[in-house]
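Enquirer: Once you've had a glance at the structure underneath, I'll fire off some questions.
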Amino acid sequence: MIIENVIIEDKVKEKILEKHNVTSFEIENVLLGNPLVLKTKESRHLAVGFYHRYLTIVFEYGKKTANIITAYPSSEWQIKLFKEKRR
């Protein structure tokens, strides 16, 4: 999966920052880096990656663009999965 653009609506950006203390800069760096991406239900994807800390990002994908649904600090099982898949 190639991600060239990251779209975060202002309302979503504010919610993620207030509720989870995750910035749009962090989200972009994780997604444009080398995250572990898994397909979930409803045509959504879950990315786990590292940029100063582990983050989990839920997004919809189309035409090399990630439309962000939410993002939050990764849980222990997500970090473990990321590390296992990156070996």
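Enquirer: Show the residues, 5+ positions off or on another chain, whose built amide H is closer than 5 Å to the amide H of VAL6.
Expert: ALA66
Enquirer: Still on this model: Taking springs between alpha-carbon atoms closer than 10 angstrom, which of LYS13, LYS63, LYS39 fluctuates most in the Gaussian network model of the chain?
Expert: For the chain, modelled as a Gaussian network with Cα springs under 10 Å, the answer is LYS63.
Enquirer: Each residue of the range 59-67 in order: what ³J(HN,Hα) in whole Hz does its phi give by Karplus 6.51 cos²θ - 1.76 cosθ + 1.60, θ = phi - 60°, with x for Gly and Pro?
Expert: Values per residue, Gly and Pro as x: 8, 9, 10, x, 6, 6, 10, 9, 9 Hz.
Enquirer: Calculate the translational D of the chain in whole µm² s⁻¹ from Stokes-Einstein, where the hydrodynamic radius comes from the Kirkwood formula applied to all Cα pairs, the temperature is 25 °C and the viscosity 0.890 mPa s.
Expert: Calculated translational D: 192 µm²/s.
Enquirer: Roughly speaking, what is the stretch gain from LEU81 to THR23, that is 0.36 nm per residue apart minus the C-alpha to C-alpha distance, in nm to one decimal?
Expert: Separation in residues times 0.36 nm, less the Cα-Cα distance, equals 18.6 nm.
Enquirer: Using the Karplus equation 6.51 cos²θ - 1.76 cosθ + 1.60 (θ = phi - 60°), what ³J(HN,Hα) coupling, rounded to whole Hz, does each residue of the range 15-21 give in order, writing x for Gly and Pro?
Expert: So the Karplus estimates, Gly and Pro as x, are 4, 4, 5, 5, 7, 10, 6 Hz.
Enquirer: Oh, and also: Under 5 Å between amide H atoms, partner at least 5 residues away or on a different chain: which partners does ILE69 have, H built in plane at 1.01 Å?
Expert: Residues meeting the amide H criterion: VAL58, PHE59, GLU60.
Enquirer: ³J(HN,Hα) across the range 37-50 via Karplus (A = 6.51, B = -1.76, C = 1.60, θ = phi - 60°), whole Hz, x for Gly/Pro?
Expert: Computed from phi, the couplings for the range 37-50 are 10, 10, 7, 10, 6, 6, 6, 9, 10, 10, 10, 10, x, 10 Hz.
Enquirer: List the relative contact order of the chain as a percent without decimals, with contacts defined as Cα pairs under 8 Å and 6+ residues apart.
Expert: RCO, the chain: 30 percent.
Readers should treat all values here as calculations from the given coordinates under stated rules, not as data from a laboratory. Keep in mind it's a predicted model, so treat the numbers as computed, not measured.
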